[in-house]
Amino acid sequence: MNNIPDKLENAFRVILNLEHPESRMDNVLLAALREQNENLELKSISRSALKDLFTNKRVMIKGQRAKSNSSLAKGSTYVDILGFK
């Protein structure tokens, strides 16, 4: 059974694999973006620019708008950032 949601069109996907729950999505996502090497623009994104992506509803989980202060459960979370490839 495939539990991986379809990647949104015109979006960059980040997979967050967590060993334990996290209290804030923005901190985890920022660290993951800085570790990846597929999108250099997102690799060097500032905290304020990431906040703007959340504010402008460009960070999605399973097609739903994600909030920067959302908590994340243990396991894999598929995050799509709209407007990046």
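Values in this text are rule-based calculations from the coordinates and carry no lab data. A quick note: this is a predicted structure, and the numbers were derived from the prediction, not measured. Cβ coordinates were reconstructed from backbone atoms using ideal geometry, including for glycine residues, and neighbour counts include every protein chain displayed.
Length available on full extension from SER46 to ASN10: 0.36 nm per residue minus the Cα-Cα distance, which gives 10.9 nm. Computing mean projected area of the Cα convex hull in nm² for the structure here picks out one of (i) 10.1; (ii) 5.4; (iii) 4.9, namely (ii). Sorting the segments 68-79, 25-36 by their residues' average number of neighbouring beta-carbon atoms within 10 angstrom, most packed first, yields 25-36, 68-79.
If you place +1 on the Cβ of every Lys and Arg and -1 on the Cβ of every Asp and Glu, how big does the dipole about the Cα centre of the chain come out, in debye to the nearest 20?
On the way: 14 positive and 10 negative charges, 50 e Å.
In total the dipole reaches around 240 debye.
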